[in-house]
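The values are calculated or read from the model by the stated rules, or taken from the named source; none is laboratory data. In this text the structure is predicted, and so the values were computed from the model without any measurement. Every residue, glycine as well, gets a Cβ built from its backbone with ideal geometry; the counts of neighbours run over all protein chains shown.
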Amino acid sequence: MDESGQTLRTADPRTLLAARGLRASHQRLVILDYLLKHDTHPTVDRVHADLSPLIPTLSKTTVYNTLRALVAGGLVTEITIGSGEARYDVRDESHAHLRCAGCGGVFDIPLRVAPEADIPAGFVVTDANVTLRGFCPECRC
Ligand SMILES: [Zn+2]
Ligand SMILES: [Zn+2]
């Protein structure tokens, strides 16, 4: 993990929301805090299942709408890998993903490209989405 990732992970959710001009509702604070503490690229269902005990009134729709607001505010990235189910990622720097076909785990790896060599002159890269598929050490036969 590089410096920016560490900075983001140790940041206070309230400060992050304020910096993006987003209102710090209770749901946003709790869901952003959850994402900052879970490196697992959770789905809406996962976030909902884990936070329901803390907020019994939390609906899946609220989780979804809150995540969408965080994505729109640029704090969270929505990624779709394999199954087509959206997952949510709070890292702000470009990175690639390793997707395990056994357990479904999604792991971050640094994304390194040599722009001067690989990207046509004049092309401005704003986003990258790279997924490598295979089996993690636990699932490998
Ligand atoms: Zn696995
Ligand atoms: Zn990621």
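Output the residue which, of all residues in segment 25-49 that are of a type outside the set (Ser, Thr, Tyr) and exposed (fewer than 14 other Cβ atoms within 10 Å of the Cβ), is nearest to His97 (Cα to Cα).
Just the residues of segment 25-49 that are of a type outside the set (Ser, Thr, Tyr), to begin with: 26-33, 35-39, 41-42, 44-49.
With exposed (fewer than 14 other Cβ atoms within 10 Å of the Cβ) added as a condition, the list becomes 26, 37, 45, 49.
Working: His26: 30, Lys37: 18, Asp45: 20, Ala49: 24 Å.
This residue is Lys37.
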Could you grab the pairs with beta carbons closer than 6 Å, sequence gap of 6+ or different chains, first residue in segment 39-67 and over 18 Å from Gly105 (Cβ atoms) and in the same structural domain as His26 (by TED's automatic domain parsing), second one in a loop (DSSP other than H, G, I, E, B) and aliphatic (A, V, I, L, M)?
-> Leu51/Leu58; Ser52/Leu58
One residue from Leu8, Leu36, Leu54 being at pLDDT 90 or above and either in contact with a helix residue (DSSP H, G or I) (Cβ under 6 Å, 6 or more places away or on another chain) or outside any loop (DSSP other than H, G, I, E, B) (or both) = Leu36
Hey, among Arg99, Arg87, Arg91, which residue is within 16 Å of ligand 1 (Cβ to nearest atom) and under 27 Å from Leu22 (Cα atoms)?
-> Arg87
Among the residues of segment 59-83, which ones are more than 21 Å from Ala19 (Cα to Cα), polar (S, T, N, Q) and over 12 Å from the mean Cα position of the chain (by Cα)?
-> Ser59, Thr61, Thr62, Ser83
Could you pull out the residue among Ile81, Ile55 that is away from ligand 1 (no atom under 16 Å from the Cβ) and of a type in the set (A, V, I, L, M, F, W, C)?
-> Ile55
Filter result for Phe135 (without any contact (Cβ under 8 Å) to a residue 24 or more places away in the chain and either over 23 Å from Leu36 (Cα atoms) or basic (Lys, Arg) (or both)) | no
Out of curiosity, is Ile109 within 17 Å of the chain's Cα centre (by Cα), within 16 Å of ligand 1 (Cβ to nearest atom) and assigned by TED's automatic domain parsing to the domain that holds Thr15?
-> no
Among the residues of segment 113-135 satisfying the criterion of being modelled with pLDDT under 80, under 19 Å from Val90 (Cα atoms) and not aliphatic (A, V, I, L, M), which is nearest to ligand 1 (Cβ to nearest atom)?
-> Asn129
Is there a residue being modelled with pLDDT of 95 or more, among the polar types (S, T, N, Q) and exposed (fewer than 15 other Cβ atoms within 10 Å of the Cβ) anywhere in segment 63-74?
-> yes
